[in-house]
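The next block holds one structure in the form of structure tokens; read it before the comments.
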Amino acid sequence: MKNQKALLVTGIGGNVGQGILRNTIGLKKSIRIVGVNTELVTAGTHLCDIVYQVPFGYDRAYIPAIRRICDKEHVDCIIPSTDYETVYLAKNRKKLPVVATSSYDVNMTFLDKYRTWQKFTEYGIPFAESALPSGYNGVFGADIVKPREGRGSRGIVYEPKNTKEFPDTFVVQKLYKGIEVTTAFYVTKQGTLHSMITFSRELFGGTTVKCTVVHTYDTQLLAIIRHMMKHFKIRGSCNIQSIATVDGRVIPFEINGRLSGTNSIRSQFGFTDVEWTIDEYLYDKKPKPAHLTFGSAVRIQLDVIYPDVALSDIQNKTTKHYIF
């Protein structure tokens, strides 16, 4: 189609990627969606014009595979949806079409929770007290052990009997009492804060299942975001996961330097960071103003049904299907 743009979205099998796809389709623009994932048939396959199977983001074969796809499909822009893909696409951005993310250095810092704690402590930015298992002496009292590098909520152990059993690929963090909140903020290509939104949330299996827009912590979070922007060249969408403690403090414990899993929900409350990303990185336009509203959301499970089609024959959105 004349003047049609080609957008490559990674990790289409995950909730982040699926949200990006649904938000992109909802814009009703002339965009051809190229989806990639480690498996061909996923929950996002039916939303893409064409799908490719690729290695994991940290695999040496990943970037060559992405380059071949971009050349073949004349891709104009790449939106990563997983942590490792974000890091390695940022590292190799000179070899690729426009990659909608912050720099490699910023993403490498945010990928590693212990490194994030070190940098935040150095810059005086609040962050959950952290230590490596090899050097931890039980000073936190209640603690939580998790992989240093982002993998959703996999591998988390609450108050283990012996933290020394874990290698230093894990991090020990103080276990704070309170409610979990997730904050998305968007920084334009010019380096200005465009908007922010916070949800209080309930999780299941590391994924938000219920959430409500909250403004109680805006003052603290805005100060944290401003402080982050002073020391890190953040661009595009970024996510802060925090505990709002019983005494009213906001303590971040993880940063995701990419679009996050609630992008499909927050777009319904005026924080349209997928649209802003597409405007800036695909069309080189200024993002539209944010018009935030109040509300809540509950995630449900749906099924993609392919009548008379084997899994091995599913290709893309043209494969006959319906949602139930």
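Under the Kirkwood approximation for Rh and a Cα-based Rg, what ratio Rg/Rh is obtained for the chain? Display every interim value, and only then the final one.
Working: Rg = 19.8 Å, Rh = 20.5 Å.
Result: Rg/Rh = 0.96.
Would you kindly calculate the translational diffusion coefficient of region 130-174, applying Stokes-Einstein with the Kirkwood radius from alpha carbon pairs, for 20 °C and a viscosity of 1.002 mPa s, and quote it in µm² s⁻¹ without decimals? Diffusion coefficient, whole number: 209 µm²/s.
Using only Cα coordinates, the Kirkwood hydrodynamic radius of region 177-324 works out to 17.0 Å. Between region 18-78 and region 151-196, what's the alpha-carbon centroid distance in Å? First find each Cα centre; the distance between them is then 27 Å.
Each Lys and Arg contributes +1 and each Asp and Glu -1, all at the Cβ; summed about the Cα centre of region 130-174, the dipole is approximately 100 debye. In a reduced charge model with +1 at each Lys and Arg Cβ and -1 at each Asp and Glu Cβ, region 238-324 shows a dipole moment near 180 debye about its Cα centre. Listed by Cβ neighbour count within 10 Å, with the fewest neighbours leading, T116, T109 appear as T109, T116. Here the chain is assigned +1 on the Cβ of each Lys and Arg and -1 on the Cβ of each Asp and Glu. Its dipole about the Cα centre then comes out at about 780 debye. Put the Cα centre of region 226-266 next to the Cα centre of region 272-288 and the gap is 20 Å.
Comparing L222, I251, L111 along the charge dipole axis of the chain, the residue lying farthest to the positive side is L222, per the Cβ-charge model. Using the charge dipole of region 130-174 (Lys, Arg: +1 at Cβ; Asp, Glu: -1 at Cβ; taken about the Cα centre), state which of F166, S134, G155 has its Cα farthest towards the positive end. Value: G155. DSSP beta bridges confined to the chain are antiparallel in about 75 percent of cases. Share of pairwise Cα-Cα distances greater than 22 Å in region 1-140 is 45 percent (whole percent). For region 208-304, the list of trypsin sites (Lys or Arg not before Pro) that fall in a loop by DSSP and count at most 12 other C-beta atoms within 10 angstrom reads K233, K285.
Do the sum for the chain: with -39,500 (n - 2.57) for every DSSP H run of n ≥ 4, divided by all residues, what is the mean residue ellipticity at 222 nm, to the nearest 500 deg cm²/dmol?
On the way: 8 runs with 75 residues, N = 324.
Counting only the DSSP helices, I get -6500 deg cm²/dmol.
Legend: ranking of residues M228, M196 from fewest to most surrounding C-beta atoms inside 10 Å; resulting order M196, M228.
Bear in mind that the values in this text are calculations on the coordinates, not laboratory data. All values reported here derive from a predicted model rather than from experimental measurement. Backbone-built Cβ (ideal geometry, glycine too); neighbour counts: all protein chains shown.
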